Every structure is written in C-alpha cells, then in structure tokens.
Amino acid sequence: MSKFAEFQLPVIKNEPPKHYGPNSAEREQLIAAYKELESQLPLSIPLGVNGKDVQTSDIGEQRCPFNHKKIVARYHRANASDVQKAIESALEAKKEWENLSFADRAAVFLKAAHLISTKYRYKLMAATMIGQGKNIWQAEIDAAMEIIDFLRFDCKYASELYSVQPPENSLGVWNRTEYRPLEGFVYAVTPFNFTAIGGNLAAAPLLMGNVVLMKPSDYAVLSNRIVYDIFLEAGLPAGALQFVPGDAIEVSKACFNHYDFAALHFTGSTNVFRSLWGIIGENVAQGKYRTYPKIVGETGGKNFHLVHHSAQIRSAVVNTVRAAYEYQGQKCSALSRLYVSRTSWEAGFRDQLVQEVKALKVGAPLEDLSNFVGPVIHRGSFDKLKGVLERVATDSEVEVLAGGKADDSTGYFVEPTVLLSKNPNHDIFKTEFFGPILAVYVFEDDSLEQVCDLVDSTNSYGLTGSIFAQDRIVVRKLAERLRNAAGNFYINDKCTGAVVGEQPFGGARASGTNDKAGSGMILSRFVSPRSVKDTFAYAESVLYPSNI
Ligand SMILES: NC(=O)c1ccc[n+]([C@@H]2O[C@H](COP(=O)([O-])OP(=O)(O)OC[C@H]3O[C@@H](n4cnc5c(N)ncnc54)[C@H](O)[C@@H]3O)[C@@H](O)[C@H]2O)c1
Ligand SMILES: N[C@@H](CCC=O)C(=O)O
C-alpha cells in the first residue's frame, strides 16, 4: 500500500434537505419511484454472501405496515451453516480490505453517499415508506439526509481520529499510533425504525477497516438490502460486508460462537441488548474468543419534556406534538412523558396540545399527503399498544385527553393519544411503548425540585430529554440537575431530530453504551490501536548513569 501524499477529504457538510412541496420536481420523482417499486412487489431478497446472491429454503416475509395484506418482500433466511460461510468469506476478504489505504476506504463511502444523494435517493426513500411506514418527510430525513450524513461525517471523524498522534518524541525517536481494525469480524444487528442507522451500523466499522456481518431487522430487510447493494456498487469489495437476514437468535448464536467474533454493533431494544451482552459475557468467561469483543449498543428510551412556567407555550406545544407523534412515536428519541407546570398547562398548553393532537391526520403516507401519523410497524407492536389503550380506558388513575383508539382493518393504525395522570409513578411514565402515546403529569410551579427527581429517576433510561424555560437561571439549574437524565439534552427544542455533525446521538443508563453514533467516539470502538516506537539512536551501555 503505497502512499505518496496526505490527502484532504472533500469539504464535509450536511446533506441539504429536499422539501417535496406541491408541484415540486422532487415530489414528482419520489412518487414515480414509489409507484415503480410498488409495481415490483413482492420482491425476492437473497442473502448476500461474498458478494453473491444466495437463496435458501427458509423464506420470511416483510409486509407493508399500512396495508398488511401487501407483501413487500420474501427474503431468504440464513441458517447457522450459511452464517458460518459468511464469516469465513468475510475473514478472507479482510486481508485485502484492511490493507487498502484510508483514502480508498473513504472513497467507497463518499461514493455511496453520493449515490444515495442522487441515483438512489427516491428508491431508498420509497423502500423506507413502503416497508417501514414512513411519510415523505420522515423518509427524507432518514433514508436520504441522515444516512448520507453518517457516511460523509464518518470519513471526517475517522480522519480526525487517525491524526491523533503522540505529542512527544524523545531525541532519536519517532512515536506513532496506528488505529488497527479489530482482529476478527463485526456483527451488526439493525433496528426497523431507521434505514440510516442500519446503514451506519455496517458502515462505521467497515470504514475503519473491519469486515462486517449485517443482520437486518425482519421489518427493514428491503431498505437494508438496497443499502448493501449501494455499498457494493460504490466499490466495497465482495465479502467485506455480508448480508445475512434470518432468525435473530440462530444467526446471532452462530456469530457469538465463533472464535473470531470481535464486536457487536447493535441498535434495538434494551432487553435484547442485555441478553446479547449476557451471552457474550458468558463466552468471554469461557475463553471462547481471540480478543475481548467490543460491545456497542444503542437501545431504548422513555424521553421527557419538562415545561417550566417561564416557557414560551406555543413553541413548547409544537415541539411536544412533533416529538411525540412524528413517525408514530417510533423513534428511540421520541417524547413519551411530559412534565408541565400548572401555570403553563392552564394558560393554554392543555387546550393547544389537545387541539393539535386531535387535528393530526392518521393514514397511509401517499393515500393523502396531509397524513401526519402513519402505521406502527407490525402486529406485535399494534397488539401491545392496543393493550395499553384498553388498560388505560378503565384505569381510574388515567384520563384520556385525546386519541385512545386503534384500527388494524387494513394497516396497523394507532391514534395519537394523550394520557393525563396524577400518579407520576404510573407505568405510563416508566415503560417504553414505542408508539404514539404520550403520558402527561402536571406539577405545581413551586415543586420543580421534586419534578426533577421524577424526571431523573422514574425509569432506568437516559436517552433524550428537553427543558423549556425562558428564565436563564432556571435553564442552568435544570441542565445541571438533570445531567445524567439524558445523553441528548435539548433546551427549548424537541427531544428528537438529532442531526449528524450537530448533535452526536446516544444515551447511557439502560439506553445504551452512549458511544455516540455520528461521532469519532464510536469509530474509536472499532479499532485496536498499536503504539509504535521507532528508534534511530543505537544503544551502547547496559548500566545507568546512576550505576556508575
Ligand atoms: N438508542 C438508539 O440510538 C436507538 C435507535 C433506534 C432504535 N432504538 C430502539 O430500538 C427499539 C425498536 O427497534 P426494534 O423493534 O427493531 O428492536 P428489537 O430489539 O426488537 O430488534 C432489533 C434487532 O435485534 C434483533 N433481535 C431481536 N431479538 C433478538 C435476539 N433474541 N437475539 C438477537 N437479535 C435479536 C432483531 O431481529 C433486530 O434486528 C426501541 O427500543 C428503540 O428505542 C434505539
Ligand atoms: N436521530 C434520531 C434518533 C434515532 C432513534 O431512533 C433522532 O434524534 O430523532
């Protein structure tokens, strides 16, 4: 690997949004791409092993969440032996991939970002809409802007990490740090809710020279497969990334049983992550692995808004509605518990909140472009949310202020719902429902201290949270008081919508390892640094001066 220059990356900036307004070219192009994709359904999705399509006899189905009769894709599911082959071919591909220069590796992901920004933007968005139930804007910010930003900013952050070198060299010595890829393979497990996150779970370790097995969520196989194909088109060598949908437990077991398992890169629910950590931990105790595997996981949340009586009410209401109901509350960052001061509540917050939520239109994304809330992802989620709505309907501690109904006759639709309770320790403030259900607690203006305790300790999560207040002294006090309540903390803004390059994302406590997707910190988890001391001076005497 010769290198004859210090290359500079192109200037890295956020992908500009497209807005899809009436009569815009982008709206027309997106709708055309959607119709074209829709006409091809159901698609058949094979495994991607060593760059080749592999068919198996075990077939899974991805259905459309807003029309559950519609099969989006029939996908081939890997068994343990398919996974074994994928691991072996990834380890074979590793030899060449990790020896490519950083410029060559970065070029692959910069090209992938370019392809998504141009040739594949609408196809990837359409797949995210049909398969994961996003509306146009939610698809744009995920399957276009965020994935492009991840791919470009990862290159910038990797280059910055590589430039961190020892500050001192004694006379006749040159010290260097090499950021080696991990010894073995990385296992990336994707969630259904963000196409961008699925792509980055694979891309971040790949960029650092690792090879990856990607197990897509059963509910995002189509969009994840398109991302895989784009990476290959962008020049990723066959084998560096293996695409292995399948039974989550079987595929995971095959990976965790392998001596060369080097890292888990996971995004999904807290309980699944905990169980995977437990399996890996037991295997480590038995000495099953070459190295100590890195475990990186971003998981659930029960995110809060805290509205002080000095807050600007309209802005706090608008941010609350967006944070709770965009993408049906299926963002790990979604707002699900609101603490609002009695003064703000009675001065218009309650009325505006209820009015705005009742005005939200629910339905399929393109059936009526004014639909704001779409379907939840699958039968399991629908049944769980419906169960919550049925329970609270007869719960004397809970008042339903808006919503409360669910309908699965064509798709998995749950009404945006506002629940009010005087019991701040009710389950609605503790459990992550991952749907359009917001729990509200109204506090007396002079009980801010107690409310901070509630915000901080009602549940075990620590992902996102916002405070709304105009009084700067209050802002400062709350920011300090709630230091550990959220990994992404917002002042007078909603608790969702982190932008790569602006707010690195992730939380601690039960919400994950907080390695911050979209930052250099997470990239540092996928390298094993080597310190190199290169000495030019000859050694001459064994004895120390102090021995003489
Ligand atoms: N913190 C974050 O950055 C972040 C981002 C997105 C989603 N999330 C969280 O993800 C969850 C929603 O996503 P989801 O429904 O796809 O989560 P999930 O935990 O059901 O699934 C995530 C992935 O884990 C796999 N999986 C499930 N059970 C498994 C098992 N026993 N062994 C191995 N793998 C298993 C799934 O197949 C999928 O690929 C929510 O809890 C949300 O908060 C967190
Ligand atoms: N980037 C997202 C978080 C992704 C979680 O699902 C946000 O902040 O809204």
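Tell me, which residue of segment 185-207 that is open to solvent by 10 Å² or more (accessible area, probe 1.4 Å) and of a type in the set (A, V, I, L, M, F, W, C) is farthest from ligand 2 (Cβ to nearest atom)?
189
With the structure loaded, tell me whether residue 517 is surrounded by 19 or more Cβ atoms within 10 Å (Cβ to Cβ), within 12 Å of ligand 1 (Cβ to nearest atom), touching a residue at least 40 places away in the same chain (Cβ under 8 Å) and in the same structural domain as residue 153 (by the TED database) or whether it fails that test.
Values: surrounded by 19 or more Cβ atoms within 10 Å (Cβ to Cβ): yes; within 12 Å of ligand 1 (Cβ to nearest atom): yes; touching a residue at least 40 places away in the same chain (Cβ under 8 Å): yes; in the same structural domain as residue 153 (by the TED database): yes.
Here the answer is yes, as residue 517 does meet what is asked.
Take the residues of segment 265-287 that are in contact with a Gly (Cβ under 6 Å, 6 or more places away or on another chain) and either in a helix (DSSP H, G or I) or modelled with pLDDT under 95 (or both): which is surrounded by the most Cβ atoms within 10 Å (Cβ to Cβ)? I'd like the intermediate steps shown before the answer.
Initial filter on segment 265-287 (in contact with a Gly (Cβ under 6 Å, 6 or more places away or on another chain)): 266, 269-270, 273.
With either in a helix (DSSP H, G or I) or modelled with pLDDT under 95 (or both) added as a condition, the list becomes 270, 273.
Working: 270: 19, 273: 24.
By that ranking, first place goes to 273.
Looking at the structure I just gave you, is residue 141 open to solvent by 30 Å² or more (accessible area, probe 1.4 Å), among the β-branched types (Val, Ile, Thr) and in the same structural domain as residue 524 (by the TED database)?
So residue 141 passes the test.
Would you mind stating whether residue 204 is small (Gly, Ala, Ser) and modelled with pLDDT under 95? Break it down stepwise before answering.
Working: small (Gly, Ala, Ser): yes; modelled with pLDDT under 95: no.
Here the answer is no, as residue 204 does not meet what is asked.
In segment 243-259, which residue that is in a helix (DSSP H, G or I) and among the hydrophobic types (A, V, I, L, M, F, W, C) is farthest from ligand 1 (Cβ to nearest atom)? Give the derivation first.
Pass one, segment 243-259, residues in a helix (DSSP H, G or I): 248-256.
Now drop any that are not among the hydrophobic types (A, V, I, L, M, F, W, C), which leaves 248-249, 251, 254-256.
Values: 248: 3, 249: 5, 251: 7, 254: 11, 255: 9, 256: 9 Å.
For segment 243-259, the residue satisfying everything is 254.
Residue 399 - would you say it is free of Cβ contacts under 8 Å to residues at least 60 places away in the same chain, under 29 Å from residue 363 (Cβ atoms) and in the same structural domain as residue 478 (by the TED database)? So that I can check it myself, show each step before the final result.
Details: free of Cβ contacts under 8 Å to residues at least 60 places away in the same chain: yes; under 29 Å from residue 363 (Cβ atoms): yes; in the same structural domain as residue 478 (by the TED database): yes.
Answer is yes for this residue.
Considering only segment 348-387, how many residues are within 16 Å of ligand 1 (Cβ to nearest atom), in a loop (DSSP other than H, G, I, E, B) and either out of contact with any strand residue (DSSP E or B) (no Cβ under 9 Å at 6 or more places or on another chain) or open to solvent by 30 Å² or more (accessible area, probe 1.4 Å) (or both)?
Matching residues across segment 348-387 total 2.
Considering only residues that are within 22 Å of the chain's Cα centre (by Cα) and part of a loop (DSSP other than H, G, I, E, B), which ones fall in segment 53-65? Reasoning before the result, please.
Step one: filter segment 53-65 for residues within 22 Å of the chain's Cα centre (by Cα), giving 62-65.
Correct list: 65 only.
Checking the conditions here, which among 262, 238 is over 26 Å from residue 463 (Cβ atoms), away from ligand 1 (no atom under 14 Å from the Cβ) and open to solvent by 10 Å² or more (accessible area, probe 1.4 Å)? Working first, answer last.
Working: 262 fails: open to solvent by 10 Å² or more (accessible area, probe 1.4 Å).
Exactly one of 262, 238 is over 26 Å from residue 463 (Cβ atoms), away from ligand 1 (no atom under 14 Å from the Cβ) and open to solvent by 10 Å² or more (accessible area, probe 1.4 Å), namely 238.
Residue 392: in contact with a Gly (Cβ under 8 Å, 6 or more places away or on another chain), of a type outside the set (D, E, K, R) and not assigned by the TED database to the domain that holds residue 271, yes or no?
yes
So the check is Cβ under 7 Å with 6+ separation or different chains; which pairs have a first residue in segment 499-512 that's touching a residue at least 12 places away in the same chain (Cβ under 8 Å) and within 11 Å of ligand 1 (Cβ to nearest atom) and a second one that's assigned to a strand (DSSP E or B) and of a type outside the set (Gly, Ala, Ser)?
As it stands, the answer is 505/488; 506/298; 507/464; 507/488; 512/298, since those pairs meet every condition given.
Residue by residue, here is whether (1) assigned to a helix (DSSP H, G or I); (2) of a type in the set (S, T, N, Q); (3) within 26 Å of the chain's Cα centre (by Cα) holds:
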position: 68; (1), (2), (3): no, no, yes
position: 82; (1), (2), (3): yes, no, no
position: 94; (1), (2), (3): yes, no, yes
position: 108; (1), (2), (3): yes, no, yes
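Which residue out of 127, 107, 103 is at pLDDT 95 or above, out of contact with any Gly (no Cβ under 9 Å at 6 or more places or on another chain) and within 27 Å of residue 527 (Cα to Cα)? Step through it out loud before you land on a result.
Values: 127 fails: within 27 Å of residue 527 (Cα to Cα); 107 fails: out of contact with any Gly (no Cβ under 9 Å at 6 or more places or on another chain).
Unique residue meeting the criteria: 103.
The values are calculated or read from the model by the stated rules, or taken from the named source; none is laboratory data. This is a predicted model, so every value here is computed, not measured. Backbone-built Cβ (ideal geometry, glycine too); neighbour counts: all protein chains shown. Areas reflect the complete protein model, heavy atoms only, side chains present, ligands, DNA and RNA absent. Shrake-Rupley method; radii C 1.70, N 1.55, O 1.52, S 1.80 Å.
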